[in-house]
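The values are calculated or read from the model by the stated rules, or taken from the named source; none is laboratory data. Remember, predicted model here, so these are calculated numbers, not experimental data. Cβ atoms come from the backbone with ideal geometry, glycine included; neighbour counts cover every protein chain shown.
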Amino acid sequence: MSAAAVSTCAVAVDVALLTIRDERLQLLLVEPDAPAVAGRWALPGRRVRDDEGLDATAHRALDELASIQAPDAHLQQLRTYGDLTRDPGGRVVSVAYLALTPTSEDPVDHKRARFWNVSDIGTERGPELAYDHDRIIHDAVERARSKLEYTALATAFVEPPFTLGELRRVYEAVWGVALDPANFRRKVVSTADFVVEAEGLAPPGPEGGRPAKRYRPGTAHRLHPAMLRP
């Protein structure tokens, strides 16, 4: 191999952390340190150290850039991005992660890290994005939407115990649609081991009414039948 063919390549991790706040699907973004992308927003990301695994890098990026510790967040690798021009600072291959969490806390540094409505990203109301993070965000959101159809991943967005109304609002926020409460309830309770009843009842809402039953995640990972998007 010639000397010209040898190059250095850094490996990084970027995290698309999704949560639901104010019944809207939101994404965590930060202002990156790199001067080349000053004024733009990016997914929390860090270079991988020689002494740590990829999952550890993902958690470190959330901690260092947004002061968010989410050890119980659902974390899964999304895909690897390695276009030659994706980082103006040099060749960087990024392993992107999708993280889902019920957290509703604001980042400590509100000026450099904040949650954005996913529906605003890519519009005039949204941020200008750095690197190829528009592509990563698109892939992450679509992965979350599709996973809700055939897995029990929706329960990663709510703290147990939860009501079926709270679980329904997860689907509505992620899919961006309104669902019929009765049909949704019938589908959930008829799906084996999707959710199981928890002790006690939820307190009445502001309008009163009958207290709702509470549930926790069951043992199912895949849903049969699937919860298809309208």
Practice problem: Inspect all residues belonging to the range 66-78 and state whether any of them is surrounded by 14 or more Cβ atoms within 10 Å (Cβ to Cβ), closer than 22 Å to CYS9 by Cβ and either in contact with a strand residue (DSSP E or B) (Cβ under 6 Å, 6 or more places away or on another chain) or modelled with pLDDT under 90 (or both). | Solution: yes
Exercise. Kindly establish whether GLY82 is within 19 Å of ARG135 (Cα to Cα) and at pLDDT below 90.
Key: yes
Quiz item: Which one of these does GLU124 not meet: (1) more than 22 Å from ASP63 (Cα to Cα); (2) surrounded by fewer than 18 Cβ atoms within 10 Å (Cβ to Cβ); (3) touching a residue at least 12 places away in the same chain (Cβ under 8 Å)?
Solution: (3)
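So which of LEU54, LEU98 ends up being over 14 Å from the mean Cα position of the chain (by Cα) and not charged (D, E, K, R)? Give the derivation first.
Details: LEU98 fails: over 14 Å from the mean Cα position of the chain (by Cα).
Residue meeting the stated conditions: LEU54.
Taking the range 110-143 only, how many residues are of a type outside the set (Val, Ile, Thr) and within 16 Å of the chain's Cα centre (by Cα)? Break it down stepwise before answering.
Residues of the range 110-143 of a type outside the set (Val, Ile, Thr): 110-117, 119-120, 122, 124-135, 138-140, 142-143.
Then drop every residue that is not within 16 Å of the chain's Cα centre (by Cα), which leaves 113-117, 119-120, 133-135, 138-140, 142-143.
The qualifying residues number 15.
Kindly establish whether VAL196 is of a type in the set (A, V, I, L, M, F, W, C), over 26 Å from ASN117 (Cα atoms) and touching a Lys or Arg at 6+ places or on another chain (Cβ under 8 Å). Break it down stepwise before answering.
Details: of a type in the set (A, V, I, L, M, F, W, C): yes; over 26 Å from ASN117 (Cα atoms): yes; touching a Lys or Arg at 6+ places or on another chain (Cβ under 8 Å): yes.
Yes, satisfied.
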Practice problem: Under 7 Å between Cβ atoms, at least 6 apart or on separate chains: pull out the pairs that start in the range 12-38 with a residue that is over 20 Å from LEU148 (Cα atoms) and end on any residue that is in a strand (DSSP E or B) and among the polar types (S, T, N, Q). | Solution: ALA12/SER94; VAL13/SER94; ASP14/SER94
Exercise. Can you work out which of the residues in the range 92-108 that are out of contact with any Leu (no Cβ under 7 Å at 6 or more places or on another chain) and more than 23 Å from GLU23 (Cα to Cα) is surrounded by the fewest Cβ atoms within 10 Å (Cβ to Cβ)?
Key: VAL93
